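Chemist: Structure in structure tokens, see below.
The values are calculated or read from the model by the stated rules, or taken from the named source; none is laboratory data. All of these numbers come straight from a predicted model, not from anything done at the bench. Neighbour counts are summed over all protein chains in view; Cβ atoms, including those assigned to glycine, are modelled from backbone coordinates with ideal geometry. All accessible areas refer to the heavy atoms of the entire protein, side chains included, with ligands and DNA or RNA removed. Shrake-Rupley method; radii C 1.70, N 1.55, O 1.52, S 1.80 Å.
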Amino acid sequence: MDMLETDKNWMIEETEYHPSKEPLGGTHFCTGNGFMGLRGSFEESGASQAQALLVAGLYQKNVGRGYSFADTFFRKRFVLDEVKIRREEVCHTLVNISDPLLVNIIIGGKPFRMWDGILLEYRRWLDMHSSCLCREVRWDNGAGLITRIRIDRFTSMADRNLILMRYAITPENYSGEVCIESGIDASINDRCRESLIDADGAPDGVTLMFSLPDPLMEMGQAVRHKLFLGEQLVEPQWERLEVNRCYTVATQVQVGQGETCCMEKVISVQVSREGAPVDNPIRCAQEGANTALRLGYAQCFEAHRAVWEQIWAQSDIEIEGDDKAQRLVRFAVYHLIIAAPWNDATVSIGARSLSGPGYGGLVFWETDIYLMPFYDWTFPEIARNHFLYRYALLDAARENARVSGAPGARYPWESALSGKEETAEYLICSRTQLHIVPDVCLAAKRYADASGDSSFGARQALEMAIEGARFMAHFTEFDAQKKRCTIRNVGGPDEYHPVTDSNSYTNFMTARLFEYAAGAWAELLKVSPDEASALRERLGLEDKEISAWLEMAQAMEFLEEPGTGLIEQCAGYFQLKGEWSNVGRQYGGPAAEYHECQGIKQPDVLLLLALFPESFSHKHLLANWDYYERFTQHGSSLSPSVHAWMAARIGLMQKARDYFLMGGDFPFTDYNKDSVGGVQIGNSGGLWQAILFGFAGIMPNGSSLRLDPKLPKEWKRLRIRLAYRGQRFRIDIGPEYLQVEADASNSEAIPFEFRGAICEVGPGNGAVRMR
């Protein structure tokens with residue numbers, strides 16, 4: 001296959017090799033398809049931190065003790081319970097299954113290792129347009145034999161159980177025997193033992209079976225190989241080997257000078273688990289590998305690339321004039337795409353997606369707040385899967401609430417398949433983040449509004465909101481002296497102040513949840529009395545509850561300074577120290593007594609303003625930006641994108657671009673020294689929102705979409721694709737014009753507002769210029 005050459009703005013590339021870069025390279029060069037994520041490790045093995053093949057929903061029970069200790073007053077008081085930390089606790093984390101990439105070649109008696117011999121040339125690049133990872137090297141084995149090696153691989157988007165590889169070997173200054181060994185490295189999987197399937201039926205392949213008892217899972221992993229000399233298929237003798245849990249087949253090929261020996265390797269992975277059963281995953285894996293091998297790498301790749309063409313046609317963001325911003329936003333969108341469970345509503349997206357083991361693959365609140373808007377506005381079917389996942393775990397959320405001594409439903413800080421709280425009990429701050437409940441419920445509403453999925457909004461989303469409102473009402477207190485309601489002992493998104501009273505983000509979100517639950521109930525009662533009656537009976541819903549929610553929403557304390565629009569993050573925040581020393585980025589690190597000072601890990605008030613643009617004026621934006629920007633430490637990857645988003649709305653375009661580049665660079669600069677755990681997928685979603693809602697200035701306004709774009713001087717043109725209420729549009733923004741084009745498949749017109757003018761854009765309108 002010819003080298004995949006493409007626009008540099010579609011590429012992530014490196015041209016120097018050093019062993020210390022391997023773990024981060026695992027994150028930077030990840031491929032995936034939503035079913036599985038394959039880290040960017042090298043085929044000849046190397047750093048175990050780089051290797052991982054992660055499958056969505058493949059969690060396994062862990063029983064263990066805490067790994068940390070409280071070394072500051074902050075940690076001792078608010079973060080870690082030093083009594084509970086000694087207990088064994090149960091949680092679930094994603095399993096790093098066996099690495100199927102393993103290929104070793106031996107030239108002149110010496111194995112190919114980039115860290116041995118002489119590396120004459122090296123280039124590795126990820127082509128995001130076709131999601132293909134490529135590597136080219138020229139290597140001297142140390143004895144003067146020079147070989148050119150080209151390796152291409154992709155995780156198929158056309159058949160999501162497949163990974164395919166093409167490994168080409170070309171002797172430059174010699175002829176001779178090349179020894180090839182290829183198979184599966186099971187040694188990185190320390191969670192379950194494998195069984196070799198002897199009756200594999202393919203001399204060129206290996207099939208392994210894995211099983212996990214709790215929860216019950218069975219997996220089949222099959223590899224097959226095909227060899228070519230030039231264009232000629234060869235059928236060598238294969239020998240089976242097994243050393244240190246590496247299961248391989250090996251052969252030798254005579255290769256002439258300048259001749260290319262090419263091996264195609266097919267990997268098929270099939271998993272049967274609770275909620276997603278597969279009949280005989282071993283047989284399915286073998287059949288999948290055999291079929292793909294017959295089709296060949298080129299045909300499978302074309303099918304894969306065709307799917308990616310369709311995906312990018314619906315989701316690409318184009319920035320002209322700023323190559324770095326272009327590349328970084330595509331990296332963000334690329335990871336949002338490969339993280340998505342396209343056809344599975346039993347799983348969702350963890351904080352590091354399937355790009356690494358960080359946070360155990362568990363689902364956090366940023367999935368709802370930071371990620372889902374991307375899917376709401378590009379691939380609403382994926383967003384629907386996520387909220388079906390949340391709805392399916394509503395009973396588990398009810399049980400979480402019961403354990404908390406409250407009615408209703410409590411969505412957990414960390415979630416896997418069961419919906420129970422996966423965070424260890426010793427982590428105190430995880431139990432104070434009550435904002436997660438309104439985060440999830442209001443995100444479900446946003447999905448229904450943006451997608452036009454009124455059925456979900458009137459049923460599943462409403463039931464989630466009712467149970468979420470019940471839970472939050474339990475913790476809402478009425479202060480008779482202030483004649484206001486508040487919520488005590490909670491933390492907002494800023495985890496450096498995890499136990500406070502009257503957190504403005506939590507209070508505001510809770511009030512909006514109360515209003516939403518009551519309003520959606522009233523609407524259902526009006527349009528479908530019988531359905532409302534059945535829901536009332538099933539939930540035991542009483543009119544006095546709904547009235548109480550509205551009263552609490554009206555009376556909820558909100559710490560806004562009269563006249564200025566400045567919002568206090570929580571009660572007493574303005575009285576904390578405004579200056580401090582030795583405050584590192586680490587979570588309560590040495591000498592960082594965050595509860596005594598105004599240092600912020602990530603946006604709290606600013607995130608609130610970003611999420612509710614219709615509720616706050618320009619005065620609010622300016623006052624809170626001026627106050628809070630200086631205190632934000634960006635200790636979370638969720639931070640810079642919100643700052644870019646807010647700066648763009650205010651009109652601080654150089655700041656907006658700087659923060660956008662800072663957020664986009666997080667995985668590459670390793671800003672918080674944690675990118676080895678995988679891509680911070682919440683950051684990817686935040687960057688996309690900064691583009692759509694910040695730079696493009698899109699805001700729903702009733703049945704229409706309002707546009708208020710602002711571009712940095714470097715950006716000569718911004719083009720975005722979006723879906724809204726079942727219709728698809730392309731928006732083209734330049735310094736002197738704004739154009740909206742409806743997709744030919746649209747069935748309805750959507751009103752767009754710009755500078756007071758309203759124009760309906762729909763079928764037959766073509767491209768409409770609005771300035």
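Chemist: Between a residue in the range 329-341 that is of a type in the set (V, I, T) and any residue that is assigned to a helix (DSSP H, G or I), which pairs come within a Cβ distance under 7 Å, given they are 6 or more apart or on different chains?
Modeler: Close Cβ pairs satisfying both conditions: V329/G664; V329/L687; V329/I691; V333/S315; V333/W688; I337/I311; I337/S315.
Chemist: Another question, if that's okay. I want to confirm something. Restricting to the range 340-382 and keeping residues that are within 13 Å of G57 (Cβ to Cβ), of a type in the set (A, V, I, L, M) and in a loop (DSSP other than H, G, I, E, B), which single residue is nearest to the chain's Cα centre (by Cα)?
Modeler: Residue satisfying both the conditions and the ranking: I349.
Chemist: Additional query: If we keep just the residues of the range 650-670 that are in contact (Cβ under 8 Å) with a residue 60 or more places away in the chain and open to solvent by 10 Å² or more (accessible area, probe 1.4 Å), which is farthest from the chain's Cα centre (by Cα)?
Modeler: By that ranking, first place goes to M653.
Chemist: Report the residue count in the range 310-335 for those that are assigned to a loop (DSSP other than H, G, I, E, B) and either more than 21 Å from E13 (Cα to Cα) or at pLDDT below 95 (or both).
Modeler: 0
Chemist: Anything in the range 422-454 that is surrounded by fewer than 24 Cβ atoms within 10 Å (Cβ to Cβ) and farther than 22 Å from L607 by Cα? List them, or say none.
Modeler: Those that are surrounded by fewer than 24 Cβ atoms within 10 Å (Cβ to Cβ) and farther than 22 Å from L607 by Cα: T423, A424, E425, Y426, L427, I428, S451, G452, D453, S454.
Chemist: Please count how many residues of the range 278-309 are closer than 26 Å to Q232 by Cβ, in a helix (DSSP H, G or I) and more than 29 Å from the chain's Cα centre (by Cα).
Modeler: 7
Chemist: Further question on the same structure: Taking the stated definitions as given, is E523 open to solvent by 60 Å² or more (accessible area, probe 1.4 Å), at pLDDT 95 or above and of a type outside the set (S, T, Y)?
Modeler: Against the criterion (open to solvent by 60 Å² or more (accessible area, probe 1.4 Å), at pLDDT 95 or above and of a type outside the set (S, T, Y)), E523 qualifies.
Chemist: Counting only residues that are of a type in the set (S, T, Y), at pLDDT 95 or above and open to solvent by 40 Å² or more (accessible area, probe 1.4 Å), how many does the range 559-597 have?
Modeler: Residues meeting the conditions: 1.
Chemist: Something else: Could you count how many residues in the range 194-203 are within 15 Å of E218 (Cβ to Cβ) and without any contact (Cβ under 8 Å) to a residue 12 or more places away in the chain?
Modeler: Total satisfying the criteria: 0.
Chemist: Going through the range 537-558 one residue at a time, which ones are in a helix (DSSP H, G or I), over 30 Å from F616 (Cα atoms) and open to solvent by less than 70 Å² (accessible area, probe 1.4 Å)?
Modeler: The answer is L539, and nothing else.
Chemist: Kindly provide the set of residues from the range 86-102 that are farther than 22 Å from G356 by Cβ and either crowded, with 21+ Cβ neighbours inside 10 Å or touching a strand residue (DSSP E or B) at 6+ places or on another chain (Cβ under 8 Å) (or both), ordered by number.
Modeler: E88, E89, V90 - these are the residues of the range 86-102 that are farther than 22 Å from G356 by Cβ and either crowded, with 21+ Cβ neighbours inside 10 Å or touching a strand residue (DSSP E or B) at 6+ places or on another chain (Cβ under 8 Å) (or both).
Chemist: Tally the residues that are under 15 Å from M165 (Cα atoms) and either of a type in the set (F, W, Y) or touching a residue at least 60 places away in the same chain (Cβ under 8 Å) (or both), restricting the search to the range 137-153.
Modeler: Residues flagged as under 15 Å from M165 (Cα atoms) and either of a type in the set (F, W, Y) or touching a residue at least 60 places away in the same chain (Cβ under 8 Å) (or both) within the range 137-153 amount to 4.
Chemist: For the range 735-771, how many residues meet the condition of being touching a Pro at 6+ places or on another chain (Cβ under 8 Å) and surrounded by fewer than 12 Cβ atoms within 10 Å (Cβ to Cβ)?
Modeler: Going through the range 735-771 one residue at a time, the tally reaches 2.
Chemist: Oh, and also: Scan the range 702-722 for residues that are closer than 30 Å to S637 by Cα and open to solvent by 10 Å² or more (accessible area, probe 1.4 Å) and jot them down.
Modeler: Hits for the range 702-722 are R706, D708, P709, K710, L711, K713, E714, K716, R717, R719, R721.
Chemist: I'd like to check something: does the range 244-254 contain any residue that is open to solvent by 70 Å² or more (accessible area, probe 1.4 Å) and either modelled with pLDDT of 95 or more or under 17 Å from D152 (Cα atoms) (or both)?
Modeler: Yes, the conditions are met somewhere in the range 244-254.
Chemist: Right, something else. Counting just the residues of the range 468-513 that are of a type outside the set (A, V, I, L, M, F, W, C), open to solvent by less than 10 Å² (accessible area, probe 1.4 Å) and not in a loop (DSSP other than H, G, I, E, B), which one comes out modelled with the lowest pLDDT?
Modeler: T486
Chemist: Could you grab the pairs with beta carbons closer than 8 Å, sequence gap of 6+ or different chains, first residue in the range 740-757 and assigned to a strand (DSSP E or B), second one of a type in the set (S, T, N, Q) and surrounded by 10 or more Cβ atoms within 10 Å (Cβ to Cβ)?
Modeler: Cβ pairs passing all conditions: A742/Q727; A742/N765; I750/S704; I750/Q727; P751/S704; F752/S704; E753/N701; E753/S704.
Chemist: Residues that are among the small types (G, A, S) and either closer than 20 Å to F508 by Cα or touching a Pro at 6+ places or on another chain (Cβ under 8 Å) (or both): list the helices (runs of 4 or more DSSP H) wholly contained in the range 616-670 that include at least 3 such residues.
Modeler: Ranges flagged: none.
Chemist: In the range 296-351, which residues are surrounded by 18 or more Cβ atoms within 10 Å (Cβ to Cβ), closer than 22 Å to M662 by Cα and basic (K, R)?
Modeler: Across the range 296-351, the qualifying residues are R327, R330.
Chemist: Looking at the range 103-113, which of its residues are outside any loop (DSSP other than H, G, I, E, B), surrounded by fewer than 18 Cβ atoms within 10 Å (Cβ to Cβ) and not hydrophobic (A, V, I, L, M, F, W, C)?
Modeler: K110, P111, listed by residue number.
Chemist: Kindly indicate which of K76, K61 is more than 30 Å from P277 (Cβ to Cβ) and open to solvent by 10 Å² or more (accessible area, probe 1.4 Å).
Modeler: Testing whether each residue is more than 30 Å from P277 (Cβ to Cβ) and open to solvent by 10 Å² or more (accessible area, probe 1.4 Å) leaves just K76.
Chemist: Kindly check whether there is at least one residue in the range 187-204 that is closer than 19 Å to G296 by Cα, of a type outside the set (S, T, Y), open to solvent by less than 60 Å² (accessible area, probe 1.4 Å) and modelled with pLDDT under 95.
Modeler: Looking through the range 187-204, at least one residue is closer than 19 Å to G296 by Cα, of a type outside the set (S, T, Y), open to solvent by less than 60 Å² (accessible area, probe 1.4 Å) and modelled with pLDDT under 95.
Chemist: Now, a different point. With the checklist (1) touching a residue at least 40 places away in the same chain (Cβ under 8 Å); (2) outside any loop (DSSP other than H, G, I, E, B); (3) farther than 30 Å from G64 by Cβ; (4) among the aliphatic types (A, V, I, L, M) in hand, flag the one item V95 doesn't pass.
Modeler: (3)
Chemist: Name the residue that is farthest from A306 (Cα to Cα), counting only residues in the range 31-68 that are among the hydrophobic types (A, V, I, L, M, F, W, C) and touching a Leu at 6+ places or on another chain (Cβ under 7 Å).
Modeler: For the range 31-68, the residue satisfying everything is L58.
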